[in-house]
Amino acid sequence: MTIGYKAASVQFQGVTKAFGPVVAVRDISFTIEPGTLVTLLGPSGCGKTTTLRLIAGLEMPTSGRILIGDRDVTKLPATDRDVCMVFQSYALFPHMTVLENVAYGLTVGGMAKPDAHAKAEDELELVGLEGFGERLPSELSGGQQQRVAVARALILEPEVLLFDEPLSNLDAKLRRRMREEIRDLQRKLGLTSVYVTHDQEEALAVSDRIIVMNNAVIAQEGSPHELYENPANVFVADFIGDANLVKAEIMSVNGEIAVVRIGNIERRLPCRGLSPGEVDVAIRPAAIILSNDTSVEGMEGSVLKATYLGNHIEYTVDSPLGELFVIDYQVDAALPRGATVSIDLAERGITLVLDEA
Amino acid sequence: MNKTVALWLAVGWAGYAVLPWYAIDDGFFGFAWFGGFPASIDSAPATLQVMDHGRAWLLPIGLALVAPLAVLWRGGDKPWAATVLMTAGGFGLAYTLAQGFAIGLGGWGFGFIESAFGELSDRQFGMGYGAVLVFGAFLFFLTQGMAKRGAINGDVFVVGSIGLVIALIAAFILFPVASILISAVQDNDENFAPALFFIKLLSRDIWGLDCLTSRLTCGIAWNSLLMATLVGAGTTMLGLAFALIATRTGFRAKKILRVLTVLPIVTPPFVIGLAVILLFGRSGVVNTFLEWAFDIEPTRWIYGLPGIWLAQMLAFTPIAFLVLIGVVEGISPSMEEAGLTLRADNWRVFTTVSLPLMRPGLANAFLLGFIESLADFGNPLVLGGEYDVLSTSIFFAIVGALVDQGRAAVLAFVLLAFTLSAFYAQRRWLGRKSYATITGKGDAGLHVRLPRRLTWTIYAAALPWAALTAVIYCMIMFGGFVETWGFDHSFTLRHYIEAFSIETGRYGLVWSGAAWNSFWTTLEIAAISAPLTAGIGLLAAYILVRQRFVGKDAFEFGTMLSFAIPGTVIGIGYILAFNVPPIEITGTGIILVICFVFRNMPVGVRAGIAAMSQIDKSLDEASLTLGATSFTTLRKVVMPLLRPAIVAALVFGFVRAMTAISAVIFLVSANYDMATSYILGRVENADYGLAISYSSVLIVVMLAAIILIQRVVGTRRLSRRDGQQFGLEGSAA
Ligand SMILES: Nc1ncnc2c1ncn2[C@@H]1O[C@H](COP(=O)(O)OP(=O)(O)OP(=O)(O)O)[C@@H](O)[C@H]1O
Ligand SMILES: [Mg+2]
């Protein structure tokens, strides 16, 4: 992994931000290593944007400390922090050309105009927009505007680069391409980046680490793999990659392995420090195997809903465990609504869930 | 941060040790003091005042200026630096003010200090350059200290701006108003006399109800209230009629209606009164005609309630129109269509849906007309006759045969109470509601056509009125070319020559016309105040739209307050407050500029708020995160996008400075006479010809100025091509 020569770590120590009676961020602590891309993920209103703005210095914490590198920046205003931000609305200055926009940070920092513009040209080339410098932002497509916004932030080679849902104004295809581009640039330049999104797929795709937030607190922090495989609680399990939450029972624990009874099916799962008794289990939709051959061993259920989605089919199935959401990639063997099916569970894609946090 | 401290320290020390501390006799911009500088007692800086002239009480100010040096040398980012700055600034401000008020022209300013410290042989004058700079330094030390403590995200510029605006509002709006209140509870020898206050306040000539039972007149307060109510109701109804015509009928000449709305902005209000006299006065056109045709004896019926009402209706109907056109347009057509689909006919839809939806807007227009009428000074002055209203009575209590400052203050107090109540009602009760029906955009329906009988009614009301307005403006534009109204209607250029003649003398051009002096003064004062008005108004708007801080509501109220203070009240407040040290500026041009800036500030604030709310906040934030200070952001990002609002604020600042009369008439002096007060003087001498020709010239000049301002400030925006739409409406993250 490259680490940019200026890339700095970001550290929150018990940071709280309240707007009057509304607590947007409650006592959160985390550390972001230099040169990594960390995603803040969570449902609407959970405090992601506020966290980002706290890093940028656009909000001052109500309590707690914020460090960038080794420096305490808690009271430092945005102007004096070496942090740049790419806004959801891009926030390109409509009265300036693309080149002036990109060079803005340099010129207000005191660089001579010709130098600043030369450097801005280079930056535009980096994001694949050479030759667009003289246009106004209004004369660009959404994706191009997005790149200008990135170039404008990159040009200052900030200690930390922030993205607030940078792709949410783009269509699905472009979103996929742009997120690859952003990730490549970030890797190449080794920038410390914090990326806000509420799209879990986007988060899994671009991040080194993910911080999942819920109701103003951190629900879980970890690598995409950890979060997906070992969700700390029901919320995370459900938010990342959908999950069916069902009640089950741990029959016995043997070292690291627990024998769990889910309906009439037994599975051996990592026990995660739990002891025998009632337990919540998260089952990924693709880990449920349906078959119309009812002679197969398993639970019996019936198809309530079937939605054809091209490369897969989504089923809602009534079962002894309750309603289950199932994804089936065998599009050819579609089951009709009302069909009686037998339900089996795959070996992977099932996790024990720790108590609600 | 430390650079800013250094800057203001330098300013503070320049003010304390270099420039004359006291105001110089020959005016703020006079430079004759250079002669005696720095040794003479008049022009010495504070340091020498302390050392050579025994004014030891100025010493602590210097000490407060020493403390911030510590911050500069050792402070850096240390926490104690904020405390030092705040203490030095706060103490400095408080002490400088206190000594200014405590020691005045006659030694101690307050009796109780004199009894405590004994008599003081020395005295001091109004504050001058030096004191102003030192004040600025203390103010910004205080705000920098607060910013360092983390106020408003630690933004030095924003905290400083808030401090500045608050200080200015306190000095030039609150202090004069407070002076009135103080003066109202004193007798004319400045002794505290609450009993006298109540006697004056409750006196019969203010509140008497004799007109109900006898032929005597009622109290002035009732006169004013009656007039304001009639005008408020009248302008609202006519304004509504015009608004309905403009939006809901097939009326062709809608453009002309829009022109009607510009005219009152560029017309000094009393000029309408003047035209009304020429039309309906004893020897006016109408009376002369009636006498010639029907032998009807001319009378003075126009003087008094009918005349004032007519003139104010003509002057203020366009304001109601402007307000109501927004209200009428804002009613969502789909609501009316919903009514129609529920089987109501046009008339029922109008009375049960449209009208109730407009109710808050109507109340708003009424209150505006009410306030304007109460505050109007020029029309009652020229047309009042025996009908006394508050605004003119205040004036006559100051300049009339019986000077009674206490009475003026009491009357001002009553008038202020009326307008502030109306203002308060308008904001608290209607401020939000009046826009409740405006959905913003994208409502595809069609407005329901007005019921026929209503259409005819409003045509019948509005069109004759429009015709009358047209006649009045013809009188204003062409009245100056007539020899003597009522007697000799032959064409002449005499009045224009008398006012605006230019001769070539031995030394080139001689501006020999009688009006030139006041004309140039007016232009100069208006040209100076317009940018200041726009500047402080937009700065206040920026703070209001973009910043969150404790006490923001009070701040907003303060910036809008002067809208509700009648000019006469401000005028007398300024006289009471600024005739004596520490701020002694009556008789100068400065007081006129300050008066205009703070009276017209609400217009700049409103224009700024409207424009700035449409600019996405993330533009500012992007600029901040890119390392620009908020001042740079304001300059490079916000200002260029605000061009239309800047134009509006400049135009209003300029035009209203040229047309104002009520406050001005208290503040003009021999050196600084303004066009409006000059014209009014001519009217009082019945020199109508010159008055009306001067007025028409003013109107033409203002129209020219509006076009000029639009060219200069507005074109740059256009040359930026069509990038306006984008980003201004970008969605907030
Ligand atoms: N300026 C503010 N004043 C008051 N409350 C605020 C302010 N900004 C945010 N909040 C509140 O703080 C909470 C967190 O807001 P935040 O913008 O951080 O959410 P978010 O996670 O970014 O949501 P989204 O995904 O919808 O953008 C919300 O409840 C919001 O209403
Ligand atoms: Mg957000």
query = Just the accessible area for B:PHE101, please: 1.4 Å probe, Å², rounded to the nearest 10?
reply = 80
ask   = To the nearest Å, what is the center-to-center distance of the range A:59-103 and the range A:302-357, using C-alpha atoms only?
value = 46
ask   = Hey, what did the range A:242-353 get for relative contact order, percent, Cα under 8 Å, at least 6 apart?
value = 30
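Order B:517-525, A:175-183 from most to least packed using the mean count of other Cβ atoms within 10 Å.
Ranked from most to least packed, the peptides come out as B:517-525, A:175-183.
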ask   = For A:HIS312 and A:LYS173 in one chain, what is 0.36 nm times their gap in residues minus the Cα-Cα distance, to one decimal in nm?
value = 48.1 nm
ask   = Which whole-number percent gives the relative contact order of chain B, counting Cα pairs below 8 Å spaced six or more residues apart?
value = 15
request  = Run the numbers on the range A:10-234 and let me know its relative contact order in percent, using alpha-carbon pairs under 8 Å that are six or more apart.
outcome  = 28
ask   = Distance in nm between label sites at B:ILE41 and B:TRP301, each 7 Å beyond Cα in the beta-carbon direction?
value = 6.7
ask   = How big is the equivalent ellipsoid of the range A:242-357 along its three axes, where each semi-axis is √(5λ) from the Cα gyration tensor, reported in whole Å from largest to smallest?
value = 27, 14, 12
request  = Rounded to the nearest 500, what is the 222 nm mean residue ellipticity of chain B from helices alone, with -39500 (n - 2.57) per DSSP H run of 4+ residues and division by all residues?
outcome  = -20500 deg cm²/dmol
Shielding of B:632-641 by partner chains, average beta-carbon count, 10 Å = 3
task = Take the Cβ-Cβ distance between A:GLU125 and B:LEU708 as r, set R0 to 45 Å, and report the resulting FRET efficiency rounded to the nearest 0.05.
result = 0.50
query = Roughly how many nanometres apart are two label points built 7 Å out from the Cα toward the Cβ at B:PHE487 and B:ALA610?
reply = 4.7
ask   = Just counting partner chain Cβ atoms within 10 Å, what average do the residues of peptide A:79-85 show around their Cβ?
value = 6
Nearest 10 degrees, 0 to 90: helix B:675-684 Cα axis against chain B principal axis = 50
remark   = Taking every residue of A:52-60, the Cβ atoms of other protein chains inside 10 Å of its Cβ average out to 3
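What length, rounded to one decimal in nm, is gained on full extension from B:VAL700 through to B:GLU503, with 0.36 nm per residue of separation minus their alpha-carbon distance?
68.7 nm
Calculate the FRET efficiency for B:ARG548 and B:THR249 from the Cβ-Cβ distance with a Förster distance of 56 Å, rounded to the nearest 0.05.
For R0 = 56 Å, the calculated efficiency reads 0.80.
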message = Cut-off under 20 Å on the C-alpha distance; same-chain residues fewer than 8 positions from A:LYS6 excluded. Which aspartates and glutamates are left, in chain and number order?
response = A:GLU33, A:ASP70, A:ASP72, A:ASP80, A:ASP82, A:ASP122, A:GLU123, A:GLU157, A:GLU159, A:ASP184, A:ASP208
query = A:LEU189 accessible area, nearest 10 Å², 1.4 Å probe?
reply = 60
ask   = Which of the cysteines in chain B are isolated, no other cysteine C-beta under 4.7 Å?
value = B:CYS474, B:CYS595
request  = Give the peptides B:407-413, A:121-127, B:619-625, B:205-211 in descending order of average Cβ contacts within 10 Å, highest first.
outcome  = B:407-413, B:619-625, A:121-127, B:205-211
query = In terms of the Cα gyration tensor, with a ≥ b ≥ c the square roots of its eigenvalues, is the range A:10-234 rounded because a/c is under 1.5, prolate because a/b exceeds b/c, or oblate?
reply = prolate
note = Looking only at aspartates and glutamates whose Cα falls under 19 Å of A:LYS247's and that sit 8 or more positions away or on another chain, we get A:GLU229, A:ASP238, A:GLU266, A:GLU278, A:ASP280, A:GLU300, A:ASP318, A:GLU323, A:ASP344, A:GLU347, A:ASP355, A:GLU356
request  = Using a Gaussian network model of chain A whose springs link C-alpha atoms within less than 10 Å, name the residue from A:LEU191, A:LEU321, A:LEU52 with the highest mean-square fluctuation.
outcome  = A:LEU321
Hydrodynamic radius of chain B per Kirkwood, over alpha carbon pairs, in Å = 28.5
request  = Within the range A:319-355, which residues have the backbone N less than 12 Å from the label spot 7 Å out from A:SER302 along Cα→beta-carbon, could you tell me?
outcome  = A:319, A:337-341
query = Mind checking which lysines have their C-alpha under 24 Å from B:LYS255, skipping anything on the same chain fewer than 8 residues away?
reply = B:LYS441
message = How far apart, in nanometres, would the label points at A:GLU278 and B:VAL18 be if each is projected 7 angstrom from Cα along the Cα-to-Cβ direction?
response = 8.2
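Please give the length that would be gained between A:LEU245 and A:THR16 if that part of the chain were fully extended, namely 0.36 nm times their separation in residues minus their C-alpha to C-alpha distance (nm, one decimal).
Gain on extension, A:LEU245 to A:THR16, equals 79.3 nm.
The values are calculated or read from the model by the stated rules, or taken from the named source; none is laboratory data. The structure displayed is predicted, hence computed values, not measured ones. Cβ coordinates were reconstructed from backbone atoms using ideal geometry, including for glycine residues, and neighbour counts include every protein chain displayed. Side chains are part of the model used for accessible areas, which takes the heavy atoms of the whole protein and leaves out ligands, DNA and RNA. Shrake-Rupley method; radii C 1.70, N 1.55, O 1.52, S 1.80 Å.
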